[in-house]
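Colleague: Handing you a structure now.
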Amino acid sequence: MISLLRQQPILLRRPLTTLRFSSTLVIAEPSSSSSELSPATLAAITAASCFSHPISLLAFSPPSAVPSSVSTVLTVDSENNDNKGTSMLAETVSNAVVKANQEHGYSHVVCAGTKFGANYLGRVGALLGVSPVSDVVEVISEDTFLRPLYAGNALAKVISNDSPKLISIRPTSFEKSTPDNTSPTLTPLSQVPSNNLTSWLHESVSSSERPDLSSASVVISGGRGMKSGENFALLEKLADKLGGAVGASRAAVDAGFVPNEYQVGQTGKVVAPNLYIAVGISGAIQHLSGMKDSKTIVAINKDGEAPIFSVADYGLVADLFEAVPELTEKV
């Protein structure tokens, strides 16, 4: 004889200390202007808006204005943020993120996938006990993201079951949100653990009147075909006329033609300007992954079979030492 017994449903309750509200923390990038948010941060805020949660911004330098989607701006206690350099250290940023998460319990933590973000992303993941999802190009849902693999030749759909979900976004894949005219309400983040492992000594920053490479609307890049660093003056003249920035392939950087901060590509900066002019660049897959999202791509190369022409909207098979000066003259 089989008897059926009706049982009351079993309710599993998590401890109150582990409950987490649906809210998002965005980590601000350093900016050339201490009072303005960087383009990468504005893109990260746009990505965070996809979750439809309240957004908090962790900033080491209080911004003068933030997008309306940001409800709270957390600032680090001044005794833990004694100078700009200290706030750029991975240990300092990580301690602040962990402290903010302990106090507010975020469901998502978002940062920009830049060199600055990559410096602390893994450390934050280790301290929070979660696995970061890096270089996200699309937010599909609250736990599902799209990210490129194999230098952008494949896209992977990644589902994260971690809490909080820690992601870095590719700034060029999201529109930049617009700050409004109202001053944000600042909430100090007190008692952030001090950083005793490393100390900031100094920084050496090259100044230029040209726009920043990562956010420029026009980029002119040179490759190994430039033959020498002196020949990059040809690209600089064209960039000045177009109001653009100068970039380079890894081959040009490795050859010592230009400094490392010029590098565009998988191991350099990812750019997506309105106009990208590739001069003397063959088009290796590592370089293409850093610029193929540009709105219009122009390639100048004497080798008509160069891979760069496969992604170019306009191609010119010509000697760059003749074509670039002529182009500069006619702009």
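No lab work stands behind these numbers, since they all come straight from the coordinates. Just so it is clear, the model here is predicted, and its values are computed rather than measured. Methodologically, a virtual Cβ is constructed for each residue, glycine included, from the backbone with ideal geometry; neighbour enumeration extends over all protein chains shown.
Colleague: Net charge within 11 Å of Ile220 by Cβ-Cβ distance, Lys/Arg positive one each and Asp/Glu negative one each, not counting Ile220 itself?
Modeller: Within the 11 Å Cβ shell, the charges total +1.
Colleague: Using the number of other C-beta atoms within 10 angstrom as an exposure proxy, rank Val66, Val98 with the fewest first.
Modeller: Val98, Val66
Colleague: Continuing with this model, one more query. Based only on other Cβ atoms within 10 Å, what is the fewest-to-most ordering of Val139, Val97?
Modeller: Values: Val139 22, Val97 27.
Placing the least packed residue first, the sequence is Val139, Val97.
Colleague: Sequence-distant or interchain residues sharing an amide H contact under 5 Å with Leu155, placed H: which?
Modeller: Amide H neighbours of Leu155: Leu149.
Colleague: A follow-up question, please. Distance check, please: which entries in Lys99/Lys157; Lys269/Lys330; Lys176/Lys295 exceed 23 angstrom between their Cα atoms?
Modeller: Exceeds cut-off: Lys99/Lys157; Lys269/Lys330.
Colleague: What three numbers, in Å, describe the spread of the alpha carbons of the chain along their principal axes, ordered from the longest?
Modeller: In descending order, the Cα extents are 89, 63, 39 Å.
Colleague: Please list the radius of gyration and Dmax for the stretch 218-330, considering alpha-carbon atoms only, with Å as the unit.
Modeller: Looking at the stretch 218-330, its Cα Rg and Dmax stand at 12.2, 34 Å.
Colleague: For the stretch 19-189, what are Rg and Dmax over the alpha carbons, in angstrom?
Modeller: So, for the stretch 19-189, Rg and Dmax equal 14.8, 46 Å respectively.
Colleague: Taking amide H atoms as placed 1.01 Å from N in the peptide plane, list the residues 5 or more away in sequence, or in a different chain, whose amide H sits under 5 Å from that of Glu138.
Modeller: Residues meeting the amide H criterion: Leu146.
Colleague: Which of the trypsin sites (Lys or Arg not before Pro) found in the stretch 253-331 are loop residues per DSSP with 16 or fewer other Cβ atoms within 10 Å of their Cβ?
Modeller: Lys295, Lys302
Colleague: Any idea what the relative contact order of the chain is, in percent, if you count C-alpha pairs under 8 Å spaced at least 6 apart?
Modeller: Computed value for the chain: 14 percent relative contact order.
Colleague: How much length would be gained if the chain were fully extended between Lys115 and Ser68, taking 0.36 nm per residue of separation minus their Cα-Cα distance, in nm to one decimal? Spell out each step's value before the answer.
Modeller: Details: separation 47, 0.36 × 47 = 16.92 nm, distance 2.69 nm.
Contour length minus Cα-Cα distance gives 14.2 nm.
Colleague: Suppose R0 equals 45 Å. What FRET efficiency, 1/(1 + (r/R0)^6) with r the Cβ-Cβ distance, do Ser228 and Asn196 give to the nearest 0.05?
Modeller: 0.45
Colleague: Next question, about the same structure. Give the percent of DSSP beta bridges with both residues in the stretch 19-189 that are antiparallel, rounded to the nearest 5.
Modeller: Counting DSSP beta bridges with both partners in the stretch 19-189, the antiparallel share is about 25 percent.
Colleague: Taking GluC sites (Glu not before Pro) as candidate sites, keep only those in a DSSP loop with at most 12 other Cβ atoms within 10 Å, then name the longest stretch of the chain containing none of them.
Modeller: Values: sites that count: Glu175, Glu203, Glu209, Glu230, Glu305.
With a cap of 12 other Cβ atoms within 10 Å, the longest stretch comes to 1-174.
Colleague: Between Asn181 and Ser207, what is the FRET efficiency for a Förster distance of 25 Å, r being their Cβ-Cβ separation, to the nearest 0.05?
Modeller: The value I calculate is 0.30.
Colleague: From the P(r) of the stretch 270-331, can you give the percent of Cα pairs sitting at distances over 13 Å?
Modeller: 58 percent
Colleague: Sequence-distant or interchain residues sharing an amide H contact under 5 Å with Thr296, placed H: which?
Modeller: Placed amide hydrogens put Leu275, Tyr276 under 5 Å from Thr296.
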